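Participant: Take this structure, written in structure tokens, and hold onto it; I'll ask about it next.
The values are calculated or read from the model by the stated rules, or taken from the named source; none is laboratory data. Just so it is clear, the model here is predicted, and its values are computed rather than measured. FYI the Cβ positions are ideal-geometry reconstructions off the backbone, even for glycines, and counts take in every protein chain you see.
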Amino acid sequence: MSDESAGRAGDPATAAILLAAGAGVRFRDAGHAGDDAGHGHKLLAMLTATPARPAEPVVARAVANALAAGIGEVIVVTGSTPLPLPPEVRIRPNPDWQQGQMTSVRAGIAEAAARGHQRVVIGLADQPGIEPAAWRAVAEGDGPIVVATYAGRRGNPVRLDQEVWDLLPAGGDEGARVLMRSHPNLVREVPCTGSPADIDTVEDLRQWQSS
């Protein structure tokens with residue numbers, strides 16, 4: 001991870017950022033209620049194999065999709081939970097993760113800026129159904145803020161160009177949504193395939209496994 005060449009691919013101006021710093025409390029609470037599937041962190045919950053991917057933790061599949069997109073360096077913003085991350089990614093710890101998701105967005109952008117990137121494409125590590133094609137479509141979109149849509153509804157990932165980074169609030173538990181609400185004229189939508197569903201609870205995991 002300290003290797004200056006780690007995770008570089010695609011456009012050197014672009015970085016993909018995966019937010020992986022949350023505590024996953026709703027998933028943990030289900031486990032404490034007596035469901036073994038809920039023990040531990042949601043990002044470490046195992047997904048069944050697919051024709052394209054082996055059985056693997058939620059975070060591993062989300063990271064694999066971002067890497068496969070090939071849009072640029074992949075930065076993973078982490079919190080207090082150790083995660084199984086490949087050497088191709090750049091890890092950015094966020095010591096302030098408990099203060100809300102915006103701190104992770106800002107941590108990822110700070111890392112991207114320090115490494116010379118001029119735009120970021122941000123996704124969540126608990127959304128393993130975001131396909132490489134969606135990452136690419138958003139990265140290639142036209143506008144300072146580009147958001148993926150699924151059946152007409154906005155989801156992730158979201159691209160933020162350097163010109164809008166200073167418009168982000170300092171804190172809060174929302175990511176780019178607050179920016180899109182306050183500056184709708186800057187937003188462009190890109191229809192995408194795949195699933196924006198997040199795995200937040202044990203029931204979410206069950207539905208994912210049965211789909």
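Participant: Please return the ranges of helices (runs of 4 or more DSSP H) entirely within the range 93-211 where 1 or more residues are modelled with pLDDT under 95. So that I can check it myself, show each step before the final result.
Facilitator: On the way: elements: 101-114, 132-139, 177-182, 202-210.
The qualifying helices (runs of 4 or more DSSP H) are 101-114, 177-182, 202-210.
Participant: From the residues in the range 94-144 that are within 15 Å of the chain's Cα centre (by Cα) and of a type in the set (S, T, N, Q), which one is surrounded by the most Cβ atoms within 10 Å (Cβ to Cβ)?
Facilitator: Ranking the candidates gives S104 first.
Participant: Moving on. List every residue pair whose Cβ atoms sit under 6 Å apart, with the two residues 6 or more apart in sequence or on different chains, where the first one lies in the range 1-19 and is more than 15 Å from P86 (Cα to Cα) and the second, anywhere, is surrounded by fewer than 21 Cβ atoms within 10 Å (Cβ to Cβ) and modelled with pLDDT of 50 or more.
Facilitator: Close Cβ pairs (under 6 Å, with a partner that is surrounded by fewer than 21 Cβ atoms within 10 Å (Cβ to Cβ) and modelled with pLDDT of 50 or more) amount to G10/G70; A13/Q118.
Participant: Spot the failing condition for Q101; the list is (1) more than 27 Å from D142 (Cβ to Cβ); (2) touching a strand residue (DSSP E or B) at 6+ places or on another chain (Cβ under 7 Å), and only one is missed.
Facilitator: (1)
Participant: Let me spell it out: the conditions are (1) at pLDDT below 95; (2) touching a helix residue (DSSP H, G or I) at 6+ places or on another chain (Cβ under 9 Å), and A6 meets all of them except one. Which number is the exception?
Facilitator: (2)
Participant: Against the conditions (1) modelled with pLDDT of 80 or more; (2) surrounded by 14 or more Cβ atoms within 10 Å (Cβ to Cβ), where does A23 fall short? Just the number, please.
Facilitator: Going through (1) modelled with pLDDT of 80 or more; (2) surrounded by 14 or more Cβ atoms within 10 Å (Cβ to Cβ) one by one, A23 breaks only (1).
Participant: Looking only at residues that are surrounded by fewer than 15 Cβ atoms within 10 Å (Cβ to Cβ) and in contact (Cβ under 8 Å) with a residue 60 or more places away in the chain in the range 145-171, which one is farthest from A107 (Cα to Cα)?
Facilitator: Top of the filtered list is P169.
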